[in-house]
Amino acid sequence: MAEIGFYHLTRTGPDQALPVLLGRTLAAGQRAVVRCGSEERVAALDTALWLATEPDWLPHGTAASGNPDLQPIWLTTADEAPNGAKFLFLIDNTETAHLDAFTRVFDLFDGQDDNALAAARLRWRKAREAGHTLAYWQQTARGWERKAG
């Protein structure tokens, strides 16, 4: 079973929240896949990660750059982990049919979007019913606060 954290974005978007979470992932010696909702989002996130200042180095790749097995962070629209990642980041209301393939899943959703909130609640229910370990984190002025799980 996966450990799934639901991350309620209330102060920033994923482009600002992901670098810190991905930096912690790399510091823990893990690889990550970030599943995006569109190729445009992959391209925008690719740029955002290269420009991130904290941490200042987030080595990553996309299908355009190739060599997924060499990439500690892989950005994609597909439900895949070609870099052998055990950490999955879901943004743009994406889902995976392979929760059990990952040790940790980070489900980031926009707290200002009613449709995103409803979709996240549905994903929470489905993951709970499947027996996964869940946690709910909310972005506050002081950082991430664990609210449930």
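All of the numbers you see were taken from the coordinates with simple rules; none came from a lab. Treat the numbers as computed from the prediction; the structure is a model and nothing was measured. Positions of Cβ are generated from backbone atoms using ideal geometry, with glycine treated the same way; all protein chains shown enter the neighbour counts.
Miscellaneous remarks
- Counting only Cβ charges, +1 for Lys and Arg and -1 for Asp and Glu, the dipole size of the chain around its Cα centre is about 620 debye.
- Scattering curve values for the chain, log₁₀ I(q)/I(0), Debye with Cα scatterers, q = 0.19 Å⁻¹: -1.21
- Helix-only [θ]222 nm of the chain, DSSP H runs n ≥ 4, -39500 (n - 2.57) each, per residue, nearest 500: -9500 deg cm²/dmol
- In the chain, a dipole from Cβ-located charges (positive for Lys and Arg, negative for Asp and Glu) runs towards its positive end, and of Thr25, Leu90, Ile4 it is Ile4 whose Cα lies farthest in that direction.
- Summarising the amide proton neighbourhood of Val105: residues at separation of 5 or more, or on other chains, whose placed amide H is nearer than 5 Å comprise Glu3, Ile4, Gly5, Leu88.
- Percent of beta bridges antiparallel (DSSP, the chain, rounded to nearest 5): 15
- Couplings 3J(HN,Hα) of segment 2-7, computed from phi: 8, 9, 10, x, 9, 10 Hz, in residue order, whole Hz [Karplus 6.51 cos²θ - 1.76 cosθ + 1.60, θ = phi - 60°; x for Gly and Pro].
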